[in-house]
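Shown next, in C-alpha cells, is the structure this report addresses.
Throughout, read-outs are computed from the coordinates displayed, never taken from laboratory work. Computed from a predicted structure; not experimentally measured. Every residue, glycine among them, receives a Cβ derived from its backbone with ideal geometry; neighbour counts consider all protein chains shown.
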Amino acid sequence: MAPRKLIAAALAAAAALGLAACGETPQVTVYKQGKYQGKPDTKPWDNDPKANNVYTTSAWTKGDKTSWERAVNTRALAQNEYTRTE
C-alpha cells in the first residue's frame, strides 16, 4: 500500500507544481512624463555609408540627404526586374 500512496503523493505534488507554473505575473512599464527612455534616432543619411553597405554597391556622402536619396533610388531601380531586363 505504501508505494501507491507515494506515487499518488508525487503525482499530486507534480500537478500542484504544474498549476502553480501557469500563473502570470503582471508586467507593468513605468513611463516618466516627458522623458524618452529609448535610443534617440539619427537620420539615415547621417550614418556612415560603409557601415550598412553590405548588400548594395550604392554609396552616399555622410550628412548629404540628396546623395542618400539618390543611392536609395538607385538601389530600388536595381531591384526592379522589369528595368533590369530591358
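Work out, step by step, the length gained on full extension between D46 and T25: first 0.36 nm times the residue separation, then minus their alpha carbon distance; give nm to one decimal.
3.4 nm
For Q79 and K62, the difference between the fully extended length at 0.36 nm per residue and the C-alpha to C-alpha distance is 3.8 nm.
What's the ranking of 24-37, 63-76, 3-16 by average number of surrounding C-beta atoms within 10 Å, highest first?
Order by mean packing, descending: 63-76, 3-16, 24-37.
Estimated at 0.36 nm per residue, the fully extended path between Y36 and A9 surpasses their Cα-Cα distance by 4.5 nm.
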